[in-house]
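The values are calculated or read from the model by the stated rules, or taken from the named source; none is laboratory data. Remember, predicted model here, so these are calculated numbers, not experimental data. Glycine gets a Cβ as well: all are built from the backbone with ideal geometry, and neighbour counts include every protein chain shown.
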Amino acid sequence: MARKYILFIVFLVSLALFTQVSWVKPIVKTIFFFPVKTIKIAVNGTNNFFAFLYHAKMADEENLLLKKENTELKAQNTLYRAKIAQAERLQSYDVSYRTLLCSVVARDPGNWFKTLVIDKGMNDGVMDNMTVFLPHGVVGRTMQTQKTSSSVLLAIDKASNISVLVARSREFGIAEGAGGMISLKFFTRDIQAQEGDEVITSGVGGTFPKGLKIGRIKEIKKNGIVAQAVIEPSVEFNKIEEVFIFIK
């Protein structure tokens, strides 16, 4: 079959070269130039395909770069928002006396809400048994002071004892830590204090200055030798991020 095709081609070429038959030359041109055009089209198509792949790869790389930049911008925005929120909190702390601002850097993992660690220590003038507070209430007192850090015993810790005073009735008592709340023990059974009364530091004992908020009386119990009360603290101890220390 191939041999007959070749002979046919030779025959047409001979006619085109040695005769004047008009219809032969167009046929010969078509036979010879059709494969060339076909190859050219195939080559162009291949080039276009590889060009498409190249541009697609470039587009993917650019898209990945944009996603990375977008992620970085989101992270920076989150950081800026956190700093702005911190600045707003600090501006709300209207503290005019000599104090030291500290950041909470750790909490006791075995006693989560009752002790914490701050980023100031002896190098900053901090000593044991200094008052730790926020404008809206007492946080606790310093202990185990190191050169660059200190621990804080929170007012809700069972080891905490603070001399207090009921602001309205002027009755004294001892505020003891009781987990998430504070227990108030009066010195007598007959008291004038009522639920809702504000409890403040009495200034007795030397550690805490007079007049700092402890909380409000939530419940009063008079079924023992002395009256007792449950105090709802003014401070949300599980949300503390910064504290102040009175510097003596």
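Could you list all residues from the range 133-154 that are of a type in the set (V, I, T), under 24 Å from the mean Cα position of the chain (by Cα) and over 13 Å from I200 (Cα atoms)?
Within the range 133-154, V152 is the sole residue that qualifies.
Does L154 satisfy being modelled with pLDDT of 90 or more, closer than 15 Å to A227 by Cβ and either assigned by TED's automatic domain parsing to the domain that holds Q228 or surrounded by 20 or more Cβ atoms within 10 Å (Cβ to Cβ) (or both)? Against the criterion (modelled with pLDDT of 90 or more, closer than 15 Å to A227 by Cβ and either assigned by TED's automatic domain parsing to the domain that holds Q228 or surrounded by 20 or more Cβ atoms within 10 Å (Cβ to Cβ) (or both)), L154 does not qualify.
Okay, residues lined up against (1) under 16 Å from F246 (Cβ atoms); (2) touching a Phe, Trp or Tyr at 6+ places or on another chain (Cβ under 7 Å); (3) aromatic (F, W, Y); (4) in contact (Cβ under 8 Å) with a residue 24 or more places away in the chain:
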{"position": "F133", "(1), (2), (3), (4)": "yes, yes, yes, yes"}
{"position": "A155", "(1), (2), (3), (4)": "yes, no, no, yes"}
{"position": "A159", "(1), (2), (3), (4)": "no, no, no, no"}
{"position": "D197", "(1), (2), (3), (4)": "no, no, no, yes"}
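Conditions tested, residue by residue: (1) crowded, with 16+ Cβ neighbours inside 10 Å; (2) among the aromatic types (F, W, Y); (3) closer than 20 Å to L116 by Cβ.
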| position | (1), (2), (3) |
| --- | --- |
| V132 | yes, no, yes |
| K147 | no, no, yes |
| S150 | yes, no, yes |
| S160 | yes, no, yes |
| L184 | yes, no, no |
| F208 | yes, yes, yes |
| G211 | no, no, no |
| R216 | yes, no, no |
| N223 | no, no, no |
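Does the range 186-205 hold any residues that are surrounded by 15 or more Cβ atoms within 10 Å (Cβ to Cβ) and of a type in the set (A, V, I, L, M, F, W, C), and which are they? Once the filter is applied, which keeps residues that are surrounded by 15 or more Cβ atoms within 10 Å (Cβ to Cβ) and of a type in the set (A, V, I, L, M, F, W, C), the range 186-205 yields F186, I191, A193, V199, I200. Screening the range 182-213 for residues that are of a type outside the set (G, A, S) and touching a Pro at 6+ places or on another chain (Cβ under 7 Å) and picking the one that is farthest from F237 (Cα to Cα) gives T201. Being assigned to a loop (DSSP other than H, G, I, E, B) and within 19 Å of T115 (Cα to Cα) is the filter here, so list the residues in the range 225-239 that pass it. Of everything in the range 225-239, those that are assigned to a loop (DSSP other than H, G, I, E, B) and within 19 Å of T115 (Cα to Cα) turn out to be S234, V235, E236.
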